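None of the figures in this text is laboratory data; all of them are computed from the coordinates on show. No experiment lies behind these values; they were computed from the predicted model shown. Using ideal geometry, Cβ is built from the backbone for each residue, glycine included, and neighbour counts are taken over all protein chains shown.
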Amino acid sequence: MKIAIGADHGGYPLKSDMKIFLETLGHEVLDKGAFDYDAEDDFPDFAAAVAKAVQIGETDRGIILCGSGVGASITANKFPGVRAGLCHDTYSAAQGVRHDNMNVLCMGARVVGSALAEDLVKSFIGANFEHHERFQRRLDKVEAIEREQIGDS
């Protein structure tokens, strides 16, 4: 799987660990920054870069880290076609993919440590959307709302 990853200063140290972890699992990782620690950088820059990579199909999924994960999630969800979820437990990381077709995992590096982050990533990348009628119906409704909001109804 090809996965985009990005982080601001709050997630920068954990991003390095997750990049190595993903590569050891055999995934191709597209690093969208930050490439150096900068206490003054801003999460929207990196969250947008990851979300865009997923949106245009440059990668299959994305992972974004910031201090809490909240700002990353808010930013990523501004991109049509991106379904970002903030997850700090393995159930949500997998269930978000299986039932909601989540394609971007957001984590708070000040909330989770490396071991839990590895478990979250494994849950996220190991899950696939379950094409049950009710899950597809819900996804179709979400996509209709998205099209309505961007004026493409």
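Please give the length that would be gained between residue 137 and residue 115 if that part of the chain were fully extended, namely 0.36 nm times their separation in residues minus their C-alpha to C-alpha distance (nm, one decimal).
Here the segment from residue 137 to residue 115 would lengthen by 4.4 nm.
Considering only 74, 20, 64, give the residue with the highest GNM mean-square fluctuation for the chain, with springs between Cα atoms whenever their separation is below 10 Å.
Answer for the Gaussian network model of the chain: 20.
Going toward the positive end of the dipole of the chain, with +1 on Lys and Arg Cβ and -1 on Asp and Glu Cβ, which of 117, 24, 127 do you reach last?
Checked the options; the winner is 127.
Apply the Karplus curve 6.51 cos²θ - 1.76 cosθ + 1.60, θ = phi - 60°, to the phi angles in region 86-94 and return the couplings in whole Hz, x for Gly and Pro.
8, 10, 10, 9, 5, 4, 5, 5, 7
Based on other C-beta atoms within 10 Å, arrange 102, 1 from fewest to most.
Arranged by neighbour count, lowest to highest, 102, 1 become 1, 102.
How do 45, 31 line up, fewest other C-beta atoms within 10 Å first?
Ascending number of Cβ neighbours within 10 Å: 45, 31.
Please work out how much length the chain gains when fully extended from residue 38 to residue 147, using 0.36 nm per residue of separation minus the C-alpha to C-alpha distance, in nm with one decimal.
35.6 nm
So how strong a dipole does region 2-149 carry about its Cα centre when Lys and Arg Cβ are +1 and Asp and Glu Cβ are -1, to the nearest 20 debye?
540 debye
If amide H atoms are built 1.01 Å from N in the plane of the peptide, which residues on other chains or at least 5 residues away come under 5 Å of the amide H of residue 66?
107, 109
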